[in-house]
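I have placed the structure first, in the form of structure tokens, so that the comments after it can refer back to it.
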Amino acid sequence: MRDDLPSSTVTFLFTDVEGSTRLLHSLGAEAYAAALAEHRRVIRDACAAEGGVEVDTQGDAFFFAFPTAPGAIAAASAFTEALASGPIQVRVGLHTGTPLLTEEGYVGDDVHFAARMAASGHGGQVVLSSATAVLIEPGGSEQQALSLLDLGEHRLKDIAEAVSIYQLGGGRFPPLKTISNTNLPHPASSFVGRERELEEVLSRIEAGARLVTLTGPGGTGKTRLALEAAASLVGEYKAGVFWVGLASLRDPNLVTETISQTLGAKNGLAEHIGARELLLLLDNLEQVIESAPELPGLLSVCPNLTLLVTSRELLRVQGEVEYPVPPLAAREALALFCARSRLDPDETIGELCRRLDNLPLAVELAAARTRALTPGQILERLSSRFDLLTGGRDADPRQVTLRATIDWSYELLFPAEQELFARLSVFSGGCTLEAAEEVCGASLDTLQSLVEKSLLRFSDERYWMLETIREYSLERLEESSEAEEMQRRHEEYFLKLAQEAEPHVEDEALRGGSGGEWLDRLERELDNLRTALDQLGASGETERALELTGALSYFWASRGHVVEGLSRLERALRSDERPTAARAKALIWAAELAGLSGDPVTMELLGEEALALCRKLGDPRGIALSLHRVGYAVGELGDWVRAQQLLAESLRIFGGLGEDHYALWLTRALAWTYAEWGDLDRARALYEDGLDRARALGSRSAEAALLGSLAWLAVTEGRLQHALPLLQQSLGIKREIGDRSEIAIGLCSAARAIAALGRVETAARLLSCFEALAEETGGGEGWVTRMKDETLATIRTRLDDPTFTEAWEQGRQLTVDEAVALAIGELE
């Protein structure tokens with residue numbers, strides 16, 4: 001292993017020559033070689049002067065490691081300035097992290113992150129991550145004091161989250177070469193026509209409209225036009241452009257939560273958005289139009305937010321600017337038909353498009369049939385249907401046309417295709433191949449045929465329908481004799497999925513196991529799970545509704561769906577008051593989620609009811625879980641002695657059942673009550689005993705939590721130097737596991753310790769990032785809130801308002817990885 005490489009917190013610097021091939025041809029081989037040699041000398045001298053170590057060089061690219069961020073920035077500033085007048089310009093990227101140092105060199109995501117940073121820039125430009133930017137100390141050397149330009153949030157290749165990127169100095173460069181900060185779905189087909197409409201939508205936004213609603217019947221192309229407009233604006237919004245699909249929602253109370261989930265802000269949507277420059281595309285809002293009155297309030301507190309909405313009807317709220325989406329122009333409809341059918345335009349196709357009212361969806365459905373019918377045959381068959389439907393129907397003519405087109409497309413299907421088409425409507429938000437096979441008896445060939453006929457879509461390994469077509473499909477299902485059977489199969493499939501996932505998710509929570517994939521799977525099926533719960537409740541199958549809500553409880557808690565989870569549990573409990581095991585489990589988890597939402601009074605009431613029922617049922621595990629809930633609640637309410645009694649009894653029962661991992665968490669909870677009560681010696685002994693057992697059992701999540709608890713105790717006792725390595729270890733494990741709720745608590749604990757050390761600006765950044773992450777995960781536990789409030793009070797007494805505001809905003813821009821790296825670096 002090289003002994004000259006810096007370790008622990010390291011700032012990486014990558015360089016690369018811009019346009020090297022072009023330079024070689026323009027300068028000639030000899031002159032280019034001389035320029036390249038001079039560029040290498042300048043970079044090596046500047047980096048060595050600031051303590052940089054050359055890790056690697058390949059061709060005309062360098063990789064250096066620095067023990068400090070200011071040193072790396074000073075070196076980058078020096079050599080870019082020295083090279084500015086010469087033929088060679090280099091792009092430079094810097095990132096600070098805590099990589100693993102092995103005999104092979106540095107290993108870890110931080111190395112790749114720094115390389116991606118460099119690749120995003122241009123010749124002469126120095127870009128750096130938030131993790132590096134926050135380490136620049138004001139009032140330092142001239143190089144350190146160089147201004148930083150906030151380039152906004154961007155997405156880098158192979159990096160999961162959007163990251164804030166800064167530029168050293170105020171130079172003007174082209175846009176960064178990054179993946180756009182957006183989740184806009186990639187359309188499966190090209191965008192044909194609509195140039196005038198696109199310009200008109202964009203002009204409304206450019207003129208200052210902040211709530212633009214694209215209206216029109218189903219099939220007019222509202223979503224496709226809105227997506228194209230949103231994609232055109234990605235570069236205009238620093239914090240990104242995001243699509244929020246609402247087609248599968250039916251509960252207007254879930255709209256804000258759905259937006260929050262998209263942005264990663266499960267609680268406090270307005271606070272999460274704040275002053276960020278952001279555009280949201282709310283698609284199919286007519287399904288939940290009762291939520292529309294909330295939008296002006298959101299806009300009023302988020303001054304840089306723009307909302308682009310698609311809806312079949314006006315929202316009728318303050319500030320709304322309507323854009324009625326017209327049918328395609330005749331030439332555009334003709335171009336769309338020919339693009340989809342791969343036929344040359346002619347008069348027959350033009351007449352067919354005219355009879356289809358130039359509606360995009362109708363044109364696409366007709367074009368999908370050209371493999372079996374000529375345009376003339378399609379026109380002949382559709383014309384008679386139009387004549388039949390038009391007479392006496394009091395409806396929008398465009399809807400009559402679309403209905404006739406979908407009717408015709410449906411009747412051309414083979415019986416097996418018609419059957420599957422209707423059955424697939426039972427899914428909300430689409431389905432996997434496995435679900436389609438098990439619930440609907442689907443075959444791959446039939447699914448593929450429906451996709452080819454444009455009645456079904458396939459993307460991201462899921463089959464789904466446009467909402468207009470799903471509504472029609474659902475009518476066909478309800479007219480058949482299979483509706484109840486399909487609903488029953490749907491409910492059974494998703495109840496089975498939730499119950500199959502539950503032990504894996506529990507393992508993730510208790511041990512730091514491998515439940516993340518199951519959590520992701522449940523997240524993808526959230527619309528179907530909601531539908532199953534609604535159907536079970538509506539059909540009176542209340543016990544199965546309790547079983548499903550209970551099986552999903554770890555998911556509700558782990559993925560930040562605390563508000564919805566608690567509401568679902570309470571609704572299921574009200575619908576079935578029979579003293580069953582399913583009710584007991586739902587009560588236990590309703591108590592848990594009430595505690596997570598910061599309501600210990602409700603937590604105690606629900607926990608007491610669960611405890612009484614579990615005693616009646618003779619369920620020792622349920623008794624132990626209920627005792628834990630009640631014990632935690634009464635502790636939060638200040639009755640530490642009773643809390644100790646209840647938690648000690650729960651610990652004894654878990655020990656007797658051989659539930660060693662639960663016993664670990666109960667040991668930590670019991671120690672917490674002694675710490676809050678003031679018996680720090682007893683608390684420390686319990687924490688240390690729990691830590692030894694966690695390591696023996698290989699429970700990484702418990703080990704991380706107990707290390708954090710011991711660090712909290714050390715800070716409380718003023719043993720700061722003892723607390724720092726404990727916090728480093730704890731945060732490192734939590735990052736490794738990826739438990740965002742526990743990472744949030746770790747960041748809060750780190751902020752508390754760093755504030756106690758007097759580094760209040762860094763503490764403010766970390767505490768701000770903690771708050772953002774806590775919003776995302778739905779965490780509101782009382783002891784964590786108290787720790788945050790105490791730390792915030794310490795910070796506010798030592799920082800003036802402008803400095804605090806700047807540090808707090810910087811913290812909101814940090815990614816989780818950047819915040820953890822910053823915390824670990826400050827704890828050294």
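Within the range 809-827, residues that are open to solvent by 20 Å² or more (accessible area, probe 1.4 Å) have Cβ atoms under 7 Å from residues that are at pLDDT 85 or above and of a type in the set (D, E, K, R) in these pairs: GLN810/ARG765; GLU826/ARG759, counting only partners at least 6 apart in sequence or on another chain.
With a requirement of 1 or more residues that are at pLDDT 90 or above and either at negative phi or among the small types (Gly, Ala, Ser) (or both), the strands (runs of 3 or more DSSP E) lying completely within the range 57-145 that satisfy it span 61-66, 90-97, 126-129. When ALA744, ALA772, ALA793, ALA753 are checked against the criterion of being within 22 Å of SER8 (Cβ to Cβ) and not charged (D, E, K, R), ALA753 stands alone in meeting it. Of the residues examined, LEU281 is not one that is open to solvent by less than 40 Å² (accessible area, probe 1.4 Å), within 22 Å of GLU471 (Cβ to Cβ) and part of a loop (DSSP other than H, G, I, E, B). Test ARG250 against the stated conditions and say whether it is open to solvent by 40 Å² or more (accessible area, probe 1.4 Å), in contact with a Lys or Arg (Cβ under 8 Å, 6 or more places away or on another chain) and assigned to a loop (DSSP other than H, G, I, E, B). Spelling it out, it is not the case that ARG250 is open to solvent by 40 Å² or more (accessible area, probe 1.4 Å), in contact with a Lys or Arg (Cβ under 8 Å, 6 or more places away or on another chain) and assigned to a loop (DSSP other than H, G, I, E, B). Consider THR432 carefully, then state whether it is out of contact with any Leu (no Cβ under 8 Å at 6 or more places or on another chain) and among the polar types (S, T, N, Q). Yes: the conditions hold for THR432. Summed over the range 226-236, the residues that are assigned to a helix (DSSP H, G or I) and surrounded by fewer than 23 Cβ atoms within 10 Å (Cβ to Cβ) give a count of 7. Could you tell me whether the range 427-436 includes any residue that is touching an Asp or Glu at 6+ places or on another chain (Cβ under 7 Å), open to solvent by less than 20 Å² (accessible area, probe 1.4 Å) and either of a type in the set (Asp, Glu) or modelled with pLDDT of 80 or more (or both)? Yes, the conditions are met somewhere in the range 427-436.
For the range 612-627, the set of residues classified as open to solvent by 40 Å² or more (accessible area, probe 1.4 Å) and part of a helix (DSSP H, G or I) consists of ALA612, ARG615, LYS616, LEU617, PRO620, ARG621, listed by residue number. Among the residues here, LEU198 does not qualify as modelled with pLDDT of 75 or more, closer than 24 Å to PRO70 by Cβ and either of a type outside the set (S, T, N, Q) or assigned to a helix (DSSP H, G or I) (or both). With respect to ARG571, determine if the residue is surrounded by fewer than 24 Cβ atoms within 10 Å (Cβ to Cβ) and modelled with pLDDT under 90. Here the answer is no, as ARG571 does not meet what is asked.
Conditions tested, residue by residue: (1) open to solvent by less than 30 Å² (accessible area, probe 1.4 Å); (2) among the polar types (S, T, N, Q); (3) under 22 Å from the mean Cα position of the chain (by Cα).
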residue: THR220; (1), (2), (3): yes, yes, no
residue: ARG224; (1), (2), (3): no, no, no
residue: VAL255; (1), (2), (3): yes, no, yes
residue: THR262; (1), (2), (3): no, yes, yes
residue: LEU307; (1), (2), (3): yes, no, yes
residue: SER311; (1), (2), (3): yes, yes, no
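Scanning the range 723-736 for any residue that is under 33 Å from the mean Cα position of the chain (by Cα) and among the β-branched types (Val, Ile, Thr) turns up at least one such residue.
The test for being open to solvent by 20 Å² or more (accessible area, probe 1.4 Å) and under 28 Å from VAL634 (Cα atoms) holds for GLU676. Entry remark, the range 452-467: residues being part of a helix (DSSP H, G or I) and open to solvent by less than 40 Å² (accessible area, probe 1.4 Å) number 1 in total. Tell me, please, whether a residue that is at pLDDT 90 or above, open to solvent by less than 10 Å² (accessible area, probe 1.4 Å) and over 24 Å from GLY595 (Cβ atoms) can be found in the range 712-721. Checked the range 712-721: at least one residue is at pLDDT 90 or above, open to solvent by less than 10 Å² (accessible area, probe 1.4 Å) and over 24 Å from GLY595 (Cβ atoms). Selection over the range 285-299 of residues that are open to solvent by less than 30 Å² (accessible area, probe 1.4 Å) and not in a helix (DSSP H, G or I) gives a count of 1. Within the range 186-213, restricting attention to residues that are of a type in the set (A, V, I, L, M) and touching a Gly at 6+ places or on another chain (Cβ under 9 Å), the residue that is surrounded by the fewest Cβ atoms within 10 Å (Cβ to Cβ) is ALA209. Checking each residue in the range 408-417 for being among the charged types (D, E, K, R) and closer than 15 Å to LEU456 by Cα picks out only GLU417.
Checking each residue in the range 258-284 for being at pLDDT 85 or above, among the charged types (D, E, K, R) and over 21 Å from HIS154 (Cβ atoms) picks out only ASP283. Would you mind stating whether ARG470 is assigned to a helix (DSSP H, G or I), within 20 Å of GLU541 (Cβ to Cβ) and open to solvent by 30 Å² or more (accessible area, probe 1.4 Å)? No: the conditions fail for ARG470.
Restricting ARG578, ARG652 to residues that are among the basic types (Lys, Arg), in a helix (DSSP H, G or I) and open to solvent by 10 Å² or more (accessible area, probe 1.4 Å) narrows the list to ARG652.
Could you check how many residues of the range 93-110 are under 12 Å from THR9 (Cα atoms), out of contact with any strand residue (DSSP E or B) (no Cβ under 6 Å at 6 or more places or on another chain) and open to solvent by less than 20 Å² (accessible area, probe 1.4 Å)? Residues in the range 93-110 being under 12 Å from THR9 (Cα atoms), out of contact with any strand residue (DSSP E or B) (no Cβ under 6 Å at 6 or more places or on another chain) and open to solvent by less than 20 Å² (accessible area, probe 1.4 Å): 1 in total. Here is the figure for the range 27-86: residues that are under 22 Å from ALA114 (Cα atoms), among the hydroxyl-bearing types (Ser, Thr, Tyr) and open to solvent by 20 Å² or more (accessible area, probe 1.4 Å) total 3. Can you confirm whether the range 795-806 contains a residue that is over 27 Å from ARG511 (Cβ atoms), touching a residue at least 12 places away in the same chain (Cβ under 8 Å) and either in contact with a strand residue (DSSP E or B) (Cβ under 7 Å, 6 or more places away or on another chain) or open to solvent by 30 Å² or more (accessible area, probe 1.4 Å) (or both)? Checking the range 795-806: at least one residue is over 27 Å from ARG511 (Cβ atoms), touching a residue at least 12 places away in the same chain (Cβ under 8 Å) and either in contact with a strand residue (DSSP E or B) (Cβ under 7 Å, 6 or more places away or on another chain) or open to solvent by 30 Å² or more (accessible area, probe 1.4 Å) (or both). All of ALA694, ALA705 fail the test of being open to solvent by less than 60 Å² (accessible area, probe 1.4 Å), more than 23 Å from PRO600 (Cβ to Cβ) and in contact (Cβ under 8 Å) with a residue 24 or more places away in the chain, apart from ALA694.
A search for C-beta distances below 8 Å between a residue of the range 314-327 that is part of a loop (DSSP other than H, G, I, E, B) and any residue that is loosely packed, with under 15 Cβ neighbours inside 10 Å, counting only pairs 6+ apart in sequence or on different chains, returns VAL317/PRO293.
Criterion applied to SER129, SER77, SER120 was being within 19 Å of GLU826 (Cα to Cα) and in contact (Cβ under 8 Å) with a residue 40 or more places away in the chain, and the one residue passing it is SER129.
The values are calculated or read from the model by the stated rules, or taken from the named source; none is laboratory data. If you're wondering where the values come from, they're calculated on a predicted model, not measured in any experiment. Counting neighbours? That spans all protein chains shown, and the Cβs are built from the backbone with ideal geometry, glycine included. Calculation scope for accessible area: heavy atoms of the full protein, side chains included, ligands and nucleic acids excluded. Shrake-Rupley method; radii C 1.70, N 1.55, O 1.52, S 1.80 Å.
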